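The values are calculated or read from the model by the stated rules, or taken from the named source; none is laboratory data. Everything numeric here is computed off the predicted structure, so don't read it as measured data. Every residue, glycine as well, gets a Cβ built from its backbone with ideal geometry; the counts of neighbours run over all protein chains shown. Note: accessible area is taken over every heavy atom of the protein model, side chains too, but ligands, DNA and RNA are not part of it. Shrake-Rupley method; radii C 1.70, N 1.55, O 1.52, S 1.80 Å.
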Amino acid sequence: MTYHSATGPVGAEGRYWDALLEGRLELPRCTGCGRWHWPAVWRCGSCGSWDHEWTQQPLEGEVFTYTRTHHPFGGTEAFAKPFSTLIVTLNSVPVRLVGVLEGDEAGLRIGALVTGTIARTAFGDAQIPALRWSLS
Ligand SMILES: [Zn+2]
């Protein structure tokens, strides 16, 4: 499965994937009302605007919640078990993003500060960008 067609990105979130491939996190904000949208949308549900400005955001935030996976299932073959998957609230904008924790888990708790990196992960036959979080 791919997220790009031969002519460019597919879906409202196409720019997110393109930016990750180039090593940046970019997120959309409605230019009509200033609301942040994630997942990305074509049209703002608050003000009806079709225009969004994408800006680069730092990969810094705090753990909103997490889960630990102990048993293998399809798509997790590359991760040593157990591993933890985090939902992180970004510091810079009111958006939450998912990624796997890498490195030492000591100190993992809701509210812990984390920094992110952009890695690659297997998705079917493709290697797609994926977020990894580390405790700060
Ligand atoms: Zn809006």
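Numbers below:
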| read-out | value |
| --- | --- |
| Phi-based couplings in Hz for region 67-76 (Karplus 6.51, -1.76, 1.60; Gly and Pro marked x) | 9, 10, 9, 9, 10, x, 8, x, x, 10 |
| Relative contact order [Cα under 8 Å, 6+ residues apart], the chain, whole percent | 20 percent |
| 5 Å-binned pair-distance histogram of region 58-136 (Cα, whole percent) | 3, 16, 27, 24, 18, 9, 3, 0 |
| Full-extension gain in nm, L21 to F79, via 0.36 nm per residue minus C-alpha separation | 18.8 nm |
| Vicinal HN-Hα couplings computed from phi for region 90-97 (Karplus, 6.51 cos²θ - 1.76 cosθ + 1.60; Hz; Gly/Pro x) | 5, 6, 7, 9, x, 10, 10, 10 |
| Stokes-Einstein diffusion coefficient of the chain, Kirkwood radius over Cα pairs, 37 °C, 0.692 mPa s, in µm²/s | 204 µm²/s |
| 5 angstrom amide H check on T31, placed H, neighbours 5+ away | D51, H52, E53 |
| Karplus-derived HN-Hα couplings along region 32-44 (A = 6.51, B = -1.76, C = 1.60, θ = phi - 60°), whole Hz, x at Gly and Pro | x, 10, x, 6, 7, 10, 8, x, 5, 10, 6, 10, 5 |
| Neighbour net charge for R29 - beta-carbon separation under 15 angstrom, K R +1, D E -1 | -1 |
| Model label zone, T65; criterion: amide N under 16 Å from point 7 Å along Cα-to-beta-carbon; scope region 118-135 | none |
| Accessible area of the chain divided out per residue, in Å², using a probe of 1.4 angstrom | 58 Å² |
| Net +/- balance of residues flanking L59 in space, Cβ distance below 11 Å, scoring K and R +1, D and E -1 | +1 |
| Charge context of I118, other residues only, Cβ under 11 angstrom, K/R +1, D/E -1 | +2 |
| Max mean-square fluctuation residue, GNM over the chain, Cα-Cα springs under 10 Å, options G107, G74, G32 | G74 |
| Under 5 Å, built H, 5+ apart or other chain: amide partners of A112 | V63 |
| Rough spin-label spacing in nm, given labels placed 7 Å along Cα→Cβ, for T89 and E102 | 2.6 nm |
